[in-house]
Amino acid sequence: MRLATIRQNQTTSAARIETENTAVLIPGFKDLGELLTDANWRNIAKDASGQLIEFEKTDLAPLVPNPRKIICVGLNYANHIREMGRDLPKYPTLFVKFAEALTGPYDDIEVPAYGAEALDWEGELAVVIGKTARRVKSSEAKDYIAGYAVMNDYTQRDLQYRTLQWHQGKSLEKSAGFGPWLTTTDSFTFGGELATYVGEDKVQSTPTNDLVFKPEDLVEYISHIYPLVPGDIIITGTPGGVGHASDPKRYIQDGETVRVSIEGLGEIANKTVIV
């Protein structure tokens, strides 16, 4: 099953995706995040018989527009860790992103000129929490995951490396395309390709099972620090092929579109507009 948040008539609605451009609206829920707060969300979504609509790609809003928490994982793909000259970690590296950083999966990303000098791409798989998880075991963690989606995690490398804390280079307003829809856990298998394109150039290509810490591991680790609640997002890290690690370094330029696709989850694409 695929679920989304769709813009319609100056508002939004949770929806069940039927085809690439049709969906059934789920009455009573303004977005997917609100739907997930209902313990019966799966059956509500499955049984929804609301209005069937056609939509354009740009009608897709950020999948969960206002999550309580966005937890990011740094250096979690083995090949990216190696290209950055580091050893495989014993524990996940965590930092946070704020909800204001999210934007639609096909929205333009406007970047102020002062923040565009070292703009990098990071295609990532996102985990969306489906029920409250507190101190859960990895063997049970899948039951707490609603599903998976695609994240286009623009990163300002110059800001990121000003200090030892990465957050300031990772949460630029409306810089993270998120979607296109949630694919529930029963409809997705790990191991397919995660690929990122800048323009026509394929810059990242890695199987999703190259993760050092799998989603279940991350749910266990994080939920022993603080509870995860429905709609919370874990961004699982990016694979090798980032521009900052290239020789010579390459950064995103004005007008370039960054496209991220994950086999089984779909793709998103955001055009960069430097203002």
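The values are calculated or read from the model by the stated rules, or taken from the named source; none is laboratory data. Everything quoted here is computed from the prediction, not taken from an experiment. Using ideal geometry, Cβ is built from the backbone for each residue, glycine included, and neighbour counts are taken over all protein chains shown.
So the values come out like this:
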item: Filter result for L182 (of a type outside the set (D, E), modelled with pLDDT of 95 or more and farther than 23 Å from D59 by Cα); result: no
item: Cβ-Cβ under 6 Å pairs, at least 6 apart or on other chains, the stretch 151-172 side in contact (Cβ under 8 Å) with a residue 24 or more places away in the chain and in the same structural domain as A113 (by TED's automatic domain parsing), far side in a loop (DSSP other than H, G, I, E, B) and surrounded by fewer than 20 Cβ atoms within 10 Å (Cβ to Cβ); result: R157/A118; D158/E117; D158/A118; S171/F98
item: Which listed residue is at pLDDT below 95 and either hydroxyl-bearing (S, T, Y) or under 23 Å from G115 (Cβ atoms) (or both), from R259, R162; result: R162
item: Some residue of the stretch 127-139 being in contact with a helix residue (DSSP H, G or I) (Cβ under 8 Å, 6 or more places away or on another chain), farther than 17 Å from L32 by Cα, in a strand (DSSP E or B) and not hydroxyl-bearing (S, T, Y); result: yes
item: Strands (runs of 3 or more DSSP E) (entirely within the stretch 189-271) containing at least 1 residues that are more than 15 Å from W121 (Cα to Cα), in contact (Cβ under 8 Å) with a residue 12 or more places away in the chain and of a type outside the set (A, V, I, L, M, F, W, C); result: 193-198, 201-207
item: Any hit, the stretch 51-68, residues being free of Cβ contacts under 8 Å to residues at least 24 places away in the same chain, closer than 30 Å to L164 by Cα and not aromatic (F, W, Y); result: no
item: Residue count for the stretch 167-178, restricted to those that are buried (at least 19 other Cβ atoms within 10 Å of the Cβ) and more than 11 Å from the chain's Cα centre (by Cα); result: 5
item: Qualifying helices (runs of 4 or more DSSP H) (wholly inside the stretch 1-110; at least 1 residues being at pLDDT below 95 and either crowded, with 18+ Cβ neighbours inside 10 Å or touching an Asp or Glu at 6+ places or on another chain (Cβ under 7 Å) (or both)); result: 78-83
item: Whichever residue in the stretch 206-250 is modelled with pLDDT under 95 and among the small types (G, A, S) and, among such residues, is nearest to A176 (Cα to Cα); result: G237
